[in-house]
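Working notes for the structure below.
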Amino acid sequence: MSGATIGFDDVGVRYADADGDALRGVSFDVASGEVVAIVGPSGCGKTTLLRTVNRLVEPTSGAVLIDGVDVRTMDAVALRRRVGYAIQAVGLFAHMTVAENVGIVPSLLGWPRDRIDRRVDDLLERVHLDPKRFRDRRPRKLSGGEAQRVGVARALGGEPGVLLMDEPFGAVDAIVRAALQDEVTRVVRDLGTTTLFVTHDVHEALRIADRICVMNGGRVEQLDAPAAILANPATDFVRRLFEGARA
Ligand SMILES: Nc1ncnc2c1ncn2[C@@H]1O[C@H](COP(=O)(O)OP(=O)(O)O)[C@@H](O)[C@H]1O
Ligand SMILES: [Mg+2]
């Protein structure tokens, strides 16, 4: 299973009750298997951009393409099973076990039981949770870091071509966070899953991403490899955002 490509083609979003645009003229392409971090200050449009991919937000103008197909032409439910989504408020189902949570999308896709079981164990191992210990546990018996790992495993359950992550590690402490950054990026790279990762933490972006998309006021300021952004910030805004990160 390899990653899908994502294309943003002059995407604009204006929310019905807002005066300004949340996104303006956003155009870039994400290659199969690429990990792109989206960074920028609060309110710059990171979450809005992410949500145009799984149609939780519909663009007011422009288009979003997955493997060259406009997402508007896809059934929203089918689309969301092809696009994994992991957020800070993990939202595990409390009445289900860890294995049931991770296996939700495969179940909805109608996979046979043994294939679901293998997928669940494989993903739990990939996020460093021993299946024997964690399969039958309830979410309330997990630490914050363990719950985030399960959230990522669940988002990857149905072998999605695209994974969207919105500040997934914002609520865990620095040491757990660093471990999660390394593990999760290793998992998506091993699986070849195309990943968009929203964060307001430039260090996190530098650590995990193939390329970083810097946003400001609903626009893309710069999209480049981490080293290129540090060496050649395109604007004063980018330079200031990454100041102090050149360690
Ligand atoms: N559902 C909504 N309705 C109206 N305005 C919204 C909504 N969601 C976000 N916004 C506005 O759109 C802009 C971008 O928000 P958002 O994408 O959440 O930014 P970020 O994730 O970078 O913090 C902000 O000005 C925010 O207030
Ligand atoms: Mg946000």
Practice problem: Looking only at region 182-192, decide whether some residue is among the polar types (S, T, N, Q), open to solvent by less than 10 Å² (accessible area, probe 1.4 Å) and out of contact with any His (no Cβ under 9 Å at 6 or more places or on another chain). | Solution: no
Quiz prompt | Search result, residues across region 134-165 that are more than 21 Å from the chain's Cα centre (by Cα), over 17 Å from Asp117 (Cα atoms) and either buried (at least 20 other Cβ atoms within 10 Å of the Cβ) or among the aliphatic types (A, V, I, L, M) (or both) | solution = Leu142
Practice problem: Might you check whether a residue that is of a type in the set (S, T, N, Q) and open to solvent by 40 Å² or more (accessible area, probe 1.4 Å) occurs anywhere in region 198-213? | Solution: no
Quiz item: Do any residues in region 29-40 that are touching a residue at least 12 places away in the same chain (Cβ under 8 Å) and within 11 Å of Ala225 (Cα to Cα) have Cβ atoms under 7 Å from those of residues that are of a type in the set (Ser, Thr, Tyr) and surrounded by fewer than 24 Cβ atoms within 10 Å (Cβ to Cβ), where the two are at least six apart or on different chains, and which pairs are they?
Solution: Val35/Thr185
Quiz prompt | In region 106-126, the residues that are within 22 Å of Glu183 (Cα to Cα) and open to solvent by 20 Å² or more (accessible area, probe 1.4 Å) | solution = Asp117, Arg118, Arg119, Asp121, Asp122, Glu125, Arg126
Self-check item: Residue that is farthest from Phe28 (Cα to Cα), among those in region 90-121 that are free of Cβ contacts under 8 Å to residues at least 40 places away in the same chain and small (Gly, Ala, Ser)
Solution: Ala99
Self-check item: Those strands (runs of 3 or more DSSP E) lying entirely in region 1-76 with at least 3 residues open to solvent by less than 10 Å² (accessible area, probe 1.4 Å)
Solution: 6-13, 23-30, 35-39
Self-check item: Search result, residues across region 186-204 that are hydrophobic (A, V, I, L, M, F, W, C) and within 16 Å of ligand 2 (Cβ to nearest atom)
Solution: Leu196, Phe197, Val198, Val202
Quiz item: When you go through (1) without any contact (Cβ under 8 Å) to a residue 60 or more places away in the chain; (2) more than 16 Å from ligand 2 (Cβ to nearest atom); (3) of a type in the set (Ser, Thr, Tyr) one by one for Thr52, which number turns out not to apply?
Solution: (2)
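Yes/no matrix, rows are residues, columns are (1) within 16 Å of ligand 2 (Cβ to nearest atom); (2) farther than 27 Å from Asp67 by Cα; (3) not charged (D, E, K, R):
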residue	(1), (2), (3)
Arg133	no, yes, no
Arg154	no, no, no
Met165	yes, no, yes
Ala179	no, yes, yes
Val184	no, no, yes
Leu206	no, no, yes
Met215	yes, no, yes
Pro233	no, yes, yes
Quiz item: What number of residues within region 167-177 are within 16 Å of ligand 2 (Cβ to nearest atom) and aliphatic (A, V, I, L, M)?
Solution: 1
Quiz item: What is the number of the single condition among (1) surrounded by 21 or more Cβ atoms within 10 Å (Cβ to Cβ); (2) at pLDDT 90 or above that Pro168 does not meet?
Solution: (2)
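The values are calculated or read from the model by the stated rules, or taken from the named source; none is laboratory data. These figures come from a predicted structure and were not determined experimentally. Virtual Cβ from ideal backbone geometry, glycine too; neighbours counted across all protein chains shown. Each accessible area value is taken on the protein alone, full model and side chains, heavy atoms only, with ligands, DNA and RNA left out. Shrake-Rupley method; radii C 1.70, N 1.55, O 1.52, S 1.80 Å.
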